[in-house]
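K.L.:
Got a structure for you, written out below as structure tokens; questions coming shortly.
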Amino acid sequence: MTKEHCKLQMPNTSDVSNLEIQKGTLGPDVIDITKLYHEKSLFTYDPGFVSTASCRSKITYIDGDEGVLLYRGYPVEQLAKSSNFIEVAYLLLYGELPNKSMLNDFSESIIHHTMLNEGMLRLFNGFRYDAHPMAMVSAIVGSMSAYYHDTMDINSARAREIFAHRIIAKLPTIAAAAYKHSVGQPFMYPSNSLSYCENLLHMFFSVPAENNNIDPVAVEALDLLFILHADHEQNCSTSTVRMAGSSGANPYSAIAAGISALWGPAHGGANEAVLKMLVEIGSKKNIEKYIARAKDKDDPFRLMGFGHRVYKNYDPRAKIIRDMCHKVLNQKGRADSPLLELALALEDVALNDEYFIEKNLYPNVDFYSGIIYQALGIPTSMFTVMFAIGRTVGWVAHWREMITDPNGKISRPRQLYIGEKERNYINLDNR
Ligand code: ACO
């Protein structure tokens, strides 16, 4: 698109002055351009949705300049300090904090949906031992639509609710089965006497011959990480869930699509990439070399766990995770972990570097989380699966909001076509 084209196609102010401005509760106003094409034959162009609000939502608010994150209006710092993952899940799904009996009912419902259909467990045997757990988890979640027919009616509020509880409850069981398959151990069944995170650790680290002692600090750390991962408004995977679901596809397929989107290193896959990067950097003496590479436009290397589309300030989640990192490593007697020292030194160098300052690049949620997972004995390839467990709540909350939105439509963007104009087919012999 040349500048000349730009001038020719730009509407003058009077052309667009009748566009409606919509105001939210917080954050920038939006220009409603839904009638732009029908009235002016114009599209808007915004690759990556940098300036586009794709929907109206009541779930999560982010102020990226100030480093603010609110779930249903509650600051994430307060929830991280005083709440727990199951309560946060309730809040995100239903919009309000539960009273004691509501929380108890919700918690019981989640506990009683943790088992998988046995046929689904057998599906794992079809995967190679070295299959990436994200490949297994997205495939198994997609296959839930072949097992749980009672929740396929997206127009039934009750079916939607059962689906929500079921998938939140089963994600840890699926994640643990993927892990067990990769290490060749028998699957462990969930136990109804354990909390959400205790159960996860049990299914990961117990074997039929011996129960693993569940470490309360590990439970606290996982619960915190799941709270911080639970939602982040219209991020790539959540938008994917909304988009896939907008066609009326069953919710398991929509969540499976979200899991696949999360896997990318620019998104949730960054936690795995951060750890691999730290191992590759290896020592503080190599930091300058890698910082130089991150700044080099001709080098595809990026500082993983740094930068964010929305945060132009310290990601509030990264601060909380960094503190938990110290707590977990202290408790494990590894306060002087070389990996944490390297990460802290890397952060320090980057935060004082002109390039990172000018571009507002700060550590994001993925920078420190892998160090915690590693200290808990969770293998690197499972890190993004752990993220998916927490984010499932957000995906489900957004899917439910999307399905019941009276303005809901199938997501179907348009494009600026820059290909060939119409031309005639040439027979093979004449080419
Ligand atoms: N290292 C080096 N340079 C970076 C980094 C980084 N981690 N992140 C952004 N930049 C630079 C870009 O090269 C670009 O420079 P330019 O303006 O000179 O071209 C500028 O900062 C803006 O970056 P964009 O890629 O345009 O920003 P965008 O909002 O599209 O991308 C993203 C955000 C994908 C998170 C990016 O910062 C990144 O790739 N970070 C590393 C991967 C990562 O940690 N992802 C996890 C994000 S959190 C999450 O999704 C859970």
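The values are calculated or read from the model by the stated rules, or taken from the named source; none is laboratory data. Since the structure is predicted, the reported quantities are computational estimates derived from the model, not experimental observations. Methodologically, a virtual Cβ is constructed for each residue, glycine included, from the backbone with ideal geometry; neighbour enumeration extends over all protein chains shown. Each accessible area value is taken on the protein alone, full model and side chains, heavy atoms only, with ligands, DNA and RNA left out. Shrake-Rupley method; radii C 1.70, N 1.55, O 1.52, S 1.80 Å.
K.L.:
Across the stretch 376-393, which residue is nearest to Ile321 (Cα to Cα) among those that are open to solvent by 10 Å² or more (accessible area, probe 1.4 Å) and part of a helix (DSSP H, G or I)?
P.N.:
So the first thing to find is which residues in the stretch 376-393 are open to solvent by 10 Å² or more (accessible area, probe 1.4 Å), and the list is 376-377, 379-381.
From what's left, part of a helix (DSSP H, G or I): 380-381.
Numbers: Thr380: 17, Ser381: 19 Å.
Here the answer is Thr380.
K.L.:
Can you pull out every residue in the stretch 320-348 that is in a helix (DSSP H, G or I), open to solvent by 10 Å² or more (accessible area, probe 1.4 Å) and over 26 Å from Gly264 (Cβ atoms)?
P.N.:
Asp323, His326, Lys327, Asn330, Gln331, Pro338, Glu341, Leu344, Ala345, Asp348
K.L.:
Give the residue that is farthest from the ligand (Cβ to nearest atom), with candidates limited to residues of the stretch 234-243 that are open to solvent by 30 Å² or more (accessible area, probe 1.4 Å) and not β-branched (Val, Ile, Thr). Please lay out each step first, then the result.
P.N.:
Of the residues in the stretch 234-243, the ones open to solvent by 30 Å² or more (accessible area, probe 1.4 Å) are 234, 236, 239-240, 243.
Still in the list and also not β-branched (Val, Ile, Thr): 234, 236, 239, 243.
Numbers: Gln234: 12, Cys236: 7, Ser239: 12, Met243: 17 Å.
Step by step, filter the stretch 234-243, then rank; the result is Met243.
K.L.:
I'd like the residue in the stretch 24-55 that is in contact with a strand residue (DSSP E or B) (Cβ under 8 Å, 6 or more places away or on another chain) and either modelled with pLDDT under 95 or under 20 Å from Pro406 (Cβ atoms) (or both) and, out of all such residues, is surrounded by the fewest Cβ atoms within 10 Å (Cβ to Cβ).
P.N.:
Going through the stretch 24-55, the residues in contact with a strand residue (DSSP E or B) (Cβ under 8 Å, 6 or more places away or on another chain) turn out to be 24-27, 29-32, 53.
Cutting the leftovers down to either modelled with pLDDT under 95 or under 20 Å from Pro406 (Cβ atoms) (or both) gives us 24-25, 30, 32, 53.
On the way: Gly24: 13, Thr25: 7, Val30: 15, Asp32: 12, Ala53: 17.
Per the stated criteria, the residue is Thr25.
K.L.:
If you don't mind, there's one more thing I want to ask. Hey, can you tell me all the residues within the stretch 21-52 that are among the small types (Gly, Ala, Ser) and part of a loop (DSSP other than H, G, I, E, B)? Explain how you work it out, then say what you get.
P.N.:
Our first condition is that a residue be among the small types (Gly, Ala, Ser); within the stretch 21-52, this holds for 24, 27, 41, 48, 51.
If the condition is that a residue be among the small types (Gly, Ala, Ser) and part of a loop (DSSP other than H, G, I, E, B), then Gly24, Gly27, Ser41, Ser51 are the ones that fit.
K.L.:
Before we move on, is Asn330 at pLDDT below 95 and within 13 Å of the ligand (Cβ to nearest atom)? Reasoning before the result, please.
P.N.:
On the way: at pLDDT below 95: yes; within 13 Å of the ligand (Cβ to nearest atom): no.
No.
K.L.:
What helices (runs of 4 or more DSSP H), lying completely within the stretch 131-214, carry at least 2 residues that are open to solvent by 50 Å² or more (accessible area, probe 1.4 Å)?
P.N.:
Details: elements: 133-143, 157-183, 196-205.
Result: 157-183, 196-205.
K.L.:
Are there helices (runs of 4 or more DSSP H) fully within the stretch 64-113 with at least 3 residues that are touching a residue at least 40 places away in the same chain (Cβ under 8 Å), surrounded by 15 or more Cβ atoms within 10 Å (Cβ to Cβ) and over 18 Å from the mean Cα position of the chain (by Cα)? List them.
P.N.:
Values: elements: 76-82, 85-94, 100-111.
Counting at least 3 such residues, we get 100-111.
K.L.:
Also, quick follow-up: Filter the stretch 360-375 down to the residues that are in a loop (DSSP other than H, G, I, E, B) and not β-branched (Val, Ile, Thr), then identify the one that is nearest to Glu220 (Cα to Cα). Talk me through it step by step, then tell me what you get.
P.N.:
We begin by selecting, within the stretch 360-375, every residue in a loop (DSSP other than H, G, I, E, B); these are 360-362, 364-365.
Next, only the ones that are not β-branched (Val, Ile, Thr) stay: 360-362, 364.
On the way: Asn360: 31, Leu361: 29, Tyr362: 25, Asn364: 21 Å.
Restricting to residues being in a loop (DSSP other than H, G, I, E, B) and not β-branched (Val, Ile, Thr), the top hit is Asn364.
K.L.:
Checking Pro363 against (1) crowded, with 17+ Cβ neighbours inside 10 Å; (2) without any contact (Cβ under 8 Å) to a residue 60 or more places away in the chain; (3) more than 16 Å from the ligand (Cβ to nearest atom), only one condition comes out false. Which one?
P.N.:
For Pro363, the exception is condition (3).
K.L.:
Shifting gears a bit: Consider the stretch 350-360. How many of its residues are among the aliphatic types (A, V, I, L, M) and open to solvent by less than 40 Å² (accessible area, probe 1.4 Å)? Give the derivation first.
P.N.:
Residues of the stretch 350-360 among the aliphatic types (A, V, I, L, M): 350-351, 357.
Checking the rest, the ones that are also open to solvent by less than 40 Å² (accessible area, probe 1.4 Å) come to 350.
Result for the stretch 350-360: 1.
K.L.:
Does any residue in the stretch 255-274 that is under 15 Å from Pro363 (Cβ atoms) come within less than 6 Å, Cβ to Cβ, of a residue that is within 11 Å of the ligand (Cβ to nearest atom) and not in a helix (DSSP H, G or I) six or more places away or on a different chain, and which pairs are these?
P.N.:
Here the result reads Ala270/Met304; Ala270/Gly305; Ala273/Pro265; Ala273/Met304; Val274/Met304; Val274/Gly305, each pair linking the stretch 255-274 to a residue that is within 11 Å of the ligand (Cβ to nearest atom) and not in a helix (DSSP H, G or I).
K.L.:
On to the next question. Within the bounds of the stretch 308-319, is there any residue that is in a loop (DSSP other than H, G, I, E, B) and near the ligand (Cβ under 7 Å from one of its atoms)?
P.N.:
The answer is yes; a qualifying residue exists.
K.L.:
If you check Leu123, Leu116, which single one turns out to be in contact (Cβ under 8 Å) with a residue 60 or more places away in the chain and either aromatic (Phe, Trp, Tyr) or closer than 14 Å to Ala175 by Cα (or both)? Step through it out loud before you land on a result.
P.N.:
On the way: Leu123 fails: in contact (Cβ under 8 Å) with a residue 60 or more places away in the chain.
Unique residue meeting the criteria: Leu116.
K.L.:
Another question, then. Checking Lys312 against (1) open to solvent by 30 Å² or more (accessible area, probe 1.4 Å); (2) basic (Lys, Arg); (3) in contact with a helix residue (DSSP H, G or I) (Cβ under 7 Å, 6 or more places away or on another chain), which single condition isn't satisfied?
P.N.:
For Lys312, the exception is condition (3).
K.L.:
For a quick check of your reading of the model, give me the residue pairs whose first member lies in the stretch 231-248 and is in contact (Cβ under 8 Å) with a residue 24 or more places away in the chain, whose second is open to solvent by 50 Å² or more (accessible area, probe 1.4 Å) and aromatic (Phe, Trp, Tyr), with beta-carbon atoms closer than 9 Å and at least 6 apart or on different chains.
P.N.:
Correct list of pairs: Glu233/Tyr61; Gln234/Phe49; Ser237/Trp263; Ser239/Phe49.
K.L.:
With Glu358, Glu347 as the choices, which residue is within 10 Å of the ligand (Cβ to nearest atom), acidic (Asp, Glu), free of Cβ contacts under 8 Å to residues at least 24 places away in the same chain and within 26 Å of Asp63 (Cβ to Cβ)?
P.N.:
Values: Glu347 fails: within 10 Å of the ligand (Cβ to nearest atom).
Going through Glu358, Glu347 in turn, just one is within 10 Å of the ligand (Cβ to nearest atom), acidic (Asp, Glu), free of Cβ contacts under 8 Å to residues at least 24 places away in the same chain and within 26 Å of Asp63 (Cβ to Cβ): Glu358.
K.L.:
Moving on to the next point. Can you pull out every residue in the stretch 31-50 that is in contact (Cβ under 8 Å) with a residue 40 or more places away in the chain, under 19 Å from Gly408 (Cβ atoms) and not hydroxyl-bearing (Ser, Thr, Tyr)?
P.N.:
Within the stretch 31-50, the subset in contact (Cβ under 8 Å) with a residue 40 or more places away in the chain is 37, 43, 45, 48-50.
Add one more test, that the residue is under 19 Å from Gly408 (Cβ atoms), and what stays is 37, 49.
Passing the criteria: only Phe49.
K.L.:
What about Ala397, is it surrounded by 24 or more Cβ atoms within 10 Å (Cβ to Cβ), more than 16 Å from the ligand (Cβ to nearest atom) and part of a helix (DSSP H, G or I)?
P.N.:
Details: surrounded by 24 or more Cβ atoms within 10 Å (Cβ to Cβ): yes; more than 16 Å from the ligand (Cβ to nearest atom): yes; part of a helix (DSSP H, G or I): yes.
It is true that Ala397 is surrounded by 24 or more Cβ atoms within 10 Å (Cβ to Cβ), more than 16 Å from the ligand (Cβ to nearest atom) and part of a helix (DSSP H, G or I).
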